[in-house]
């Protein structure tokens, strides 16, 4: 069963990659604009981070009776960034392609941003070369 799940996962990722390539190729041929590039990837990753930490900050402040404004500001900046991406995509292409493509783009690049952040954190932990410390003169 795990082999079937692996094959299904690989086929699913291949289908998503195929759809991204076809969509981006069509938009580039028609409008000379690429939806899936590094600047959009980094901006969507930043906006996702702002939304995630803003929501956590808001809920934490709400539970403790603290100031919720910081969380609201992070959420607002994240939403402004995502709104700008949608506006920019609609401006560079038609409104229909821009809106549908933006939803497709934000969905895919958000997942890739989270996976990319986890990979970077894992590589930082792997190559940090931290060593355990031992207390030799303990009086306990």
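Summary table
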| item | result |
| --- | --- |
| Nearest-ten-degree value, helix 2-31 long axis tilted from longest Cα axis of the chain | 50 |
| Fewest-first sequence of 129, 21 by Cβ atoms within 10 Å of each Cβ | 129, 21 |
| Calculated [θ] (222 nm, deg cm²/dmol) that DSSP helices of n ≥ 4 give over the chain, each run adding -39,500 (n - 2.57) | -29000 deg cm²/dmol |
| Shape of the stretch 63-140, Cα gyration tensor, a/c cut at 1.5 | oblate |
| Percent RCO, i.e. relative contact order, over the chain, from Cα pairs under 8 Å lying at least 6 residues apart | 21 |
| Overall form of the stretch 1-78 per C-alpha gyration tensor (a/c, 1.5; a/b vs b/c) | oblate |
| Cβ-derived FRET efficiency at R0 41 Å, residue 133 paired with residue 22, nearest 0.05 | 0.15 |
| Principal-axis tilt of helix 38-64 within the chain, Cα atoms, nearest 10 degrees | 50 |
| Selected from 85, 106, 119 as most flexible by GNM, with the chain as the system and alpha-carbon contacts under 10 Å | 119 |
| Ranked packing of 10-16, 112-118, 93-99, most packed first, by mean Cβ within 10 Å | 93-99, 112-118, 10-16 |
| Percent breakdown of C-alpha pair distances by 10 Å bin, ordered from the shortest bin, for the chain | 10, 26, 26, 21, 11, 4, 2, 0 |
| Label-to-label distance, nm, for residues given as residue 56 and residue 103 (7 Å Cα→Cβ offset) | 2.9 |
| Between 0 and 90°, nearest 10: helix 95-126 axis offset from the chain longest Cα axis | 30 |
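Here, each number is a calculation from the coordinates, and none is a lab measurement. Because the structure is a prediction, the values reported are computed rather than measured. Note that each Cβ is placed from the backbone with ideal geometry, even for glycine, and that neighbours are counted across all protein chains shown.
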